[in-house]
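Read-outs throughout are calculated quantities, based only on the coordinates presented, and are distinct from any laboratory measurement. No experiment lies behind these values; they were computed from the predicted model shown. Here the Cβ positions follow ideal geometry from the backbone for every residue, glycine too, while neighbour counts run over all protein chains shown.
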Amino acid sequence: MSHSVNIAEIQAHLYKHLKTRGFGEGFTLTLMAHGEANLIFRVNSNRLIRVAVNTPNKRFEGDFKRVTQFEEKILTYLSGSGIGHELQARQLQPSDDFNYTYLITNYLEGGPLDYGRSHLQHCATTLAHLHRLPQNPGYALDELRHHVPTIAHPLTLFFEESRDYAQPYLQSADADADIVKMLEAVLAKAEQRLSAESLLSDYPHQCLVHSDHTYENWVVNSQQAYLVDWEWAEIGSPAGDLGHFLSPVTVRRRHNYRLPAEDREFFLHCYYEALEDADLAERIRQHFVAFGPYPAVRSLCWTAGYWVTANRWYADTDSPNAGDRMARLKRSQQQFPELWQEVMDWLNYPVESG
């Protein structure tokens with residue numbers, strides 16, 4: 001359950017705590033971002049600290065420290081891959097002098113994803129690296145499976161979650177009749193495509209997937225792209241990442257941006273080339289044909305449900321990005337018919353094998 005936090009108080013306590021952990025006198029501790037799950041501070045110029053203060057993710061059952069523990073497992077698995085942050089230190093249980101858990105990592109130079117061709121190419125390369133990682137020595141999924149959910153039937157799961165996410169809006173007395181019809185139509189179309197799930201077993205491949213590709217979860221510079229914030233990670237089909245990255249709901253969060261069709265194809269071409277494995281590329285193509293639209297369906301249904309269930313997490317806080325997120329929520333209401341049409345068009349792509 002979300003709740004308000006006193007950022008200044010946490011920052012002061014964290015500073016005192018770090019002084020006792022060998023940081024010494026005179027270091028700087030600057031708030032960089034406040035998301036739903038973490039407060040992110042920069043220490044001097046070369047470190048980040050992610051402090052878990054909340055979790056909207058049901059898998060953690062409201063236990064904030066489980067967010068830290070989960071992401072610690074992910075970063076440990078990814079160590080040395082260059083895909084994201086390198087873990088330097090951690091507090092996995094609250095201590096007497098600081099009642100929160102945290103991870104300390106290196107600081108990554110770069111900015112958020114801007115969907116220009118250079119950024120698209122770098123992101124495609126990073127995702128290809130992530131998705132072929134289990135084929136590399138030292139990155140087998142066996143140990144990770146003990147800590148990260150494995151999604152065996154993603155089309156079925158995403159459809160069921162989409163239906164659940166839409167319910168608060170569908171059942172609301174204030175629901176707009178036109179949007180109700182849109183939600184019912186997108187769910188009906190998604191249900192019709194569920195038989196395509198067999199393609200994933202016909203062309204098997206599982207890997208770690210990030211699952212949350214909002215532009216703020218990418219750090220991109222002139223050399224490469226990094227993925228950050230692994231709270232929603234899963235083991236499953238790589239098409240989940242591709243679908244969420246290309247979802248119009250995801251893309252539109254970047255200042256109402258619309259990804260041109262030719263840039264979408266450019267990204268996919270770069271991705272398949274970066275896999276450097278023709279057989280793996282074909283397997284993932286089949287996954288994308290079957291599963292690709294479902295992250296967009298889920299995001300669309302979540303968006304409508306969130307209008308009803310949204311708490312005052314951002315409205316009540318003085319977080320630097322609170323205003324932007326509240327404005328994003330209002331924009332999504334205005335954009336919904338366009339987003340719905342884009343998702344419906346994607347669902348209408350034929351499902352073909354071979």
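For the chain, with a Gaussian network of springs between Cα atoms less than 10 Å apart, report the residue from ALA190, ALA233, ALA175 with the top mean-square fluctuation.
Result for the chain, Cα springs under 10 Å: ALA175 fluctuates most.
Sort LYS189, LYS181 by Cβ crowding within 10 Å, fewest neighbours at the top.
Values: LYS189 16, LYS181 11.
With the sparsest Cβ surroundings first, the list reads LYS181, LYS189.
If the range 81-240 were replaced by its equivalent ellipsoid, with semi-axes equal to the square roots of 5 times the Cα gyration tensor eigenvalues, what would those be, largest first, whole Å? Write down the numbers at each step before the final one.
Numbers: eigenvalues 202, 98, 75 Å².
Semi-axis lengths for the range 81-240 are 32, 22, 19 Å.
Relative to the longest principal Cα axis of the chain, at what angle does helix 294-309 sit, 0 to 90 degrees, rounded to 10?
Taking Cα atoms only, the helix is inclined about 60 degrees.
Distance in nm between label sites at GLN341 and ASP164, each 7 Å beyond Cα in the beta-carbon direction?
Distance between the two pseudo-spin positions: 3.2 nm.
Considering only LEU103, ALA225, PRO350, whose Cα is most displaced toward the positive end of the charge dipole of the chain, charges sitting on Cβ of Lys, Arg (+1) and Asp, Glu (-1)?
Going by the charge dipole, the pick is LEU103.
Quick one: TYR102, TYR107, fewest Cβ neighbours within 10 Å first, how do they rank?
Numbers: TYR102 26, TYR107 15.
Result, fewest neighbours first: TYR107, TYR102.
Rank these for me by crowding, CYS123, CYS301, CYS207, CYS270, going from fewest to most other beta carbons within 10 Å. Present the calculation step by step, with values, prior to reporting the outcome.
Details: CYS123 25, CYS301 28, CYS207 22, CYS270 18.
The fewest-first ordering by Cβ neighbours comes to CYS270, CYS207, CYS123, CYS301.
If only Cα atoms are counted, what is the Rg of the chain, and what is its Dmax, in Å?
Cα radius of gyration and Dmax of the chain are 20.4, 63 Å respectively.
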